[in-house]
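The values are calculated or read from the model by the stated rules, or taken from the named source; none is laboratory data. In this text, all values refer to a predicted model and were calculated from it rather than measured experimentally. Cβ coordinates were reconstructed from backbone atoms using ideal geometry, including for glycine residues, and neighbour counts include every protein chain displayed. Just so you know, the surface numbers come from the protein's heavy atoms only, side chains and all, with ligands and any DNA or RNA stripped out. Shrake-Rupley method; radii C 1.70, N 1.55, O 1.52, S 1.80 Å.
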Amino acid sequence: MTQSNKIVSRAELQRRVAEWRKAGEQVVLTNGCFDVLHVGHIRYLAGAKALGGRLVVAINSDESARRLKGEGRPLMPEEERAEILAALTDVDAVVIFPEADVRRLIREIRPDIQAKGTDYTESSVPERDTVIECGGRVAIVGGSKDHSSTEMIARTKSQKSLSRS
């Protein structure tokens, strides 16, 4: 499957999920802004894929990311972020969502597992109740939270300011 075939609408995602389930495959959902892809993201996605089955990555739309992260974010437009994620072997589908969280998407595709990074605990995942209500479970995956796009951007801005002084 080419990377462009991995970037799907919500309707197409629902069709693929139904196909995967018919074939007996499990569906794992991850989500985030993925503004500046870094090794923490790669470890998180690899951990999610290791749970088994098909990996769906839901990314915040530009407007949703801006509401969450603040003015000046995201640095990359949603289409580019989606294309980068779709190029990763572990990723089976990428969908862009405009909401603040993935509760609606969870209700639409009913993932078997929602994978979140180590900045959460199973009990602190905002959509946990929705996942359980839809028959799924939450799993915490990836390495320790040593990497952050927000911190990387702030560090880069700080270094640029110092070099101008």
Is at least one residue of the range 12-20 charged (D, E, K, R), closer than 26 Å to T118 by Cβ and touching a residue at least 12 places away in the same chain (Cβ under 8 Å)? no
Scanning the range 56-75 for residues that are open to solvent by 40 Å² or more (accessible area, probe 1.4 Å) and modelled with pLDDT of 95 or more gives E63
Cβ pairs under 8 Å, 6+ apart or interchain, first in the range 51-67 and more than 10 Å from P98 (Cβ to Cβ) and in contact (Cβ under 8 Å) with a residue 24 or more places away in the chain, second open to solvent by 10 Å² or more (accessible area, probe 1.4 Å) and polar (S, T, N, Q), ordered by first then second residue, are L51/Q26; G52/Q26; G53/Q26; R54/Q26; V57/N31; A58/N31; I59/N31
Can you run down the residue pairs with Cβ atoms below 7 Å, 6 or more apart or on separate chains, where the first is in the range 116-127 and open to solvent by less than 60 Å² (accessible area, probe 1.4 Å) and modelled with pLDDT under 95 and the partner is of a type in the set (S, T, Y) and outside any loop (DSSP other than H, G, I, E, B)? G117/Y44
Out of the range 85-106, which residues are of a type outside the set (D, E, K, R) and surrounded by 17 or more Cβ atoms within 10 Å (Cβ to Cβ)? L85, A86, L88, V91, A93, V94, V95, I96, F97, V102, L105, I106
